[in-house]
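Student: Take a look at the following structure, please.
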């Protein structure tokens, strides 16, 4: 049944992935720039995973959820398929970057850099956490859920920008941004150590697992 | 077996079927052991609901006119000649009772009525 | 015995904001067609959703072929052919792709059956779903529902949007399906003539409750519409009166015992076989009265 569910996603929703083409074009360009290997790989994982999440909005638009729930399949199975697909598409996008960096004549990246364990993990982490946050919303609330999430993010972002200035705390804001930047670079650097590598992997895996449980819970209780 | 359903008739459809089948069996048009269409086939042919044909067959079976053999189908039941004669007598009696009721409404008494009956019987022969 | 029934609902309840389904009970024996009739918003679609477990019922029991519709939902739905009133298909994909992607979910799916039905219905398999007319969309849903040897066909307003010719054809096709006495059909509609034509059992849903559920001969032969003077109609046994209304030309009453009405009123009133829409109108009036 899981196999059928994945197959159905690929057949009926595969169209969604044409949206990755613009990103691939950008990636091909980016690979010609110095030090863009890791960034391109990570962005690939993220975009691939998010594209899969957006399938939820597509099915919501077509009112397909009720029809799918009328099939002799547990709703949970469709949720499993969606998460698995997100993981796979993210991984395939990263592999695509590695392939491009090796094959494209203007690529200045070494395949090794794109394939570094810490880059892979960073990609998995970024993609994994994003999926963990967005999938339950998207799968339960469809298009509105995703839009709602980004609307809230935007409002929070604007508040974060405006409030400190209004309250005269501009320096605090700059300080925060710099700390975040340092944090990201720091994390990338820290991932050099195997210990941190494993810890991060474990945390991401757990986040995705929790997200999956939440999705199943929401979907199974939904009145269609 | 010939069945004609009058949609506009006030009589329930299952009743029309029962009466027609019963009449055909009594008249000998349907013979003992003859197979009848299944309730579903009959429903399809007559373009009526299955539950209606089922009700008709149930009644005919209760009255002893037909038998359903599991796995084989529905057949005209063995008719007791005496039983049949009794049924036919009853049918004649019912018709007479109806005529008597009508006569009464008009004020016709037994003498006039028996005269009419005699004429009708002589007409027939 | 439970397995002799295609469908059994006992005391089913469901509460939504502003609407409630209360103590819904009715059954459909195997091999028959059951019709759910009622005004829009009365709860027909909700009942169907509950049977399919698209929505979870809050109280009561729903059994399909003797199985619990929630605990054994996958086994139950593998034997149900479902036609919803909202088409839930992928607008930008072809019918053929739908068949490829969705057929395999059913253990007894048959591509041959689907292709045969598609050609009988005139469905263009290489066209995208959004290019189809409303009637075609319903036919497609029907073809999908009839291609996996479903033992129970459940349809929500299947004839809405269909031209009269195909509607008649569909009803005939449904009757023909029942030549196999293992198959059963439940459909909801607000078009009374559809039920009058084919339904074996008629269930009237009114304001989230079951007003009545009975075999057709009880409704059409035992019940009656009585027409006459209001004064005359007053002589009817009130226990049998299910609805009444005044008209300019006299009064009408719906009674559940035609024989007793004839005995009570004789020739002073008209006692007729009821039409389903008359039944609905007169019972609606009664419900409004009681409210």
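The values are calculated or read from the model by the stated rules, or taken from the named source; none is laboratory data. Remember, it's a predicted structure, so these values are computed and weren't measured experimentally. Note: ideal-geometry Cβ built from the backbone for every residue, glycine included; neighbour counts use all protein chains shown.
Student: Does segment B:25-45 include one or more residues that are more than 13 Å from chain C (Cβ to nearest Cβ), part of a helix (DSSP H, G or I) and at pLDDT 85 or above?
Tutor: yes
Student: Give segment B:58-85 a look and list any residue that's surrounded by 22 or more Cβ atoms within 10 Å (Cβ to Cβ) and in a helix (DSSP H, G or I), or say none.
Tutor: B:60
Student: What is the one condition in (1) within 14 Å of chain B (Cβ to nearest Cβ); (2) under 17 Å from residue C:34 (Cα atoms); (3) out of contact with any helix residue (DSSP H, G or I) (no Cβ under 6 Å at 6 or more places or on another chain) that residue C:196 does not satisfy?
Tutor: Residue C:196 satisfies all of (1) within 14 Å of chain B (Cβ to nearest Cβ); (2) under 17 Å from residue C:34 (Cα atoms); (3) out of contact with any helix residue (DSSP H, G or I) (no Cβ under 6 Å at 6 or more places or on another chain) except (3).
Student: Oh, and also: Hey, residue A:27 hits all of (1) assigned to a helix (DSSP H, G or I); (2) surrounded by fewer than 17 Cβ atoms within 10 Å (Cβ to Cβ) but one; which does it fall short on?
Tutor: That leaves (2) as the condition not met.
Student: Which numbered condition in (1) touching a residue at least 12 places away in the same chain (Cβ under 8 Å); (2) assigned to a helix (DSSP H, G or I); (3) more than 17 Å from the chain's Cα centre (by Cα) is the only one that residue A:41 fails?
Tutor: Answer for residue A:41: the failing condition is (3).
Student: Can you tell me which residues in segment C:74-86 are more than 7 Å from chain A (Cβ to nearest Cβ) and either within 14 Å of residue C:153 (Cβ to Cβ) or in contact with a helix residue (DSSP H, G or I) (Cβ under 9 Å, 6 or more places away or on another chain) (or both)?
Tutor: C:76, C:79, C:80, C:81, C:83, C:85
Student: Are any residues in segment A:54-84 surrounded by fewer than 22 Cβ atoms within 10 Å (Cβ to Cβ), closer than 22 Å to residue A:23 by Cβ and more than 14 Å from chain C (Cβ to nearest Cβ), and if so, which ones?
Tutor: Residues satisfying the conditions are A:54, A:84.
Student: Among the listed residues B:69, B:76, identify the single one that is away from chain C (no Cβ under 14 Å) and closer than 22 Å to residue B:5 by Cα.
Tutor: Being away from chain C (no Cβ under 14 Å) and closer than 22 Å to residue B:5 by Cα holds for just one of B:69, B:76, which is B:76.
Student: Further question on the same structure: Determine whether segment A:139-146 contains at least one residue that is within 14 Å of chain C (Cβ to nearest Cβ), under 30 Å from residue C:74 (Cβ atoms) and touching a helix residue (DSSP H, G or I) at 6+ places or on another chain (Cβ under 6 Å).
Tutor: Looking through segment A:139-146, at least one residue is within 14 Å of chain C (Cβ to nearest Cβ), under 30 Å from residue C:74 (Cβ atoms) and touching a helix residue (DSSP H, G or I) at 6+ places or on another chain (Cβ under 6 Å).
Student: Can you give me the number of residues within segment C:31-77 that are outside any strand (DSSP E or B), touching a residue at least 12 places away in the same chain (Cβ under 8 Å) and surrounded by 19 or more Cβ atoms within 10 Å (Cβ to Cβ)?
Tutor: 21
Student: Report yes if some residue within segment A:146-158 is under 16 Å from residue A:49 (Cα atoms) and modelled with pLDDT of 85 or more; otherwise report no.
Tutor: no
Student: Residue check: is residue C:230 within 10 Å of another protein chain (Cβ to nearest Cβ), without any contact (Cβ under 8 Å) to a residue 24 or more places away in the chain, surrounded by fewer than 18 Cβ atoms within 10 Å (Cβ to Cβ) and over 11 Å from the mean Cα position of the chain (by Cα)?
Tutor: Answer is no for this residue.
Student: Can you tell me which residue among C:140, C:89 is within 14 Å of chain A (Cβ to nearest Cβ), part of a helix (DSSP H, G or I) and under 25 Å from the mean Cα position of the chain (by Cα)?
Tutor: The conditions single out C:140.
One line per residue, one yes/no per condition, for (1) without any contact (Cβ under 8 Å) to a residue 40 or more places away in the chain; (2) within 14 Å of chain B (Cβ to nearest Cβ); (3) closer than 20 Å to residue C:135 by Cβ; (4) out of contact with any strand residue (DSSP E or B) (no Cβ under 6 Å at 6 or more places or on another chain):
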residue	(1), (2), (3), (4)
C:153	no, no, yes, no
C:162	yes, no, yes, yes
C:174	no, yes, yes, no
C:178	no, yes, no, yes
C:208	no, no, no, no
C:245	no, no, no, no
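Student: Taking the stated definitions as given, is residue A:99 under 16 Å from residue A:28 (Cα atoms), more than 11 Å from every other protein chain (Cβ to nearest Cβ) and either within 21 Å of the chain's Cα centre (by Cα) or buried (at least 24 other Cβ atoms within 10 Å of the Cβ) (or both)?
Tutor: yes
Student: Inside segment C:92-121, can you point out the residues that are crowded, with 20+ Cβ neighbours inside 10 Å, at the interface with another protein chain (Cβ under 8 Å from one of its Cβ atoms) and either over 21 Å from residue A:5 (Cβ atoms) or in contact with a strand residue (DSSP E or B) (Cβ under 8 Å, 6 or more places away or on another chain) (or both)?
Tutor: If the condition is that a residue be crowded, with 20+ Cβ neighbours inside 10 Å, at the interface with another protein chain (Cβ under 8 Å from one of its Cβ atoms) and either over 21 Å from residue A:5 (Cβ atoms) or in contact with a strand residue (DSSP E or B) (Cβ under 8 Å, 6 or more places away or on another chain) (or both), then C:93 is the only one that fits.
Student: Looking only at segment A:69-106, which residues are part of a loop (DSSP other than H, G, I, E, B) and over 30 Å from residue C:56 (Cβ atoms)?
Tutor: A:104, A:105, A:106
A quick yes/no check of all residues on (1) surrounded by 19 or more Cβ atoms within 10 Å (Cβ to Cβ); (2) under 30 Å from residue C:13 (Cβ atoms); (3) more than 21 Å from the chain's Cα centre (by Cα):
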| site | (1), (2), (3) |
| --- | --- |
| C:211 | yes, yes, no |
| C:239 | no, yes, yes |
| C:253 | yes, no, yes |
| C:267 | no, no, yes |
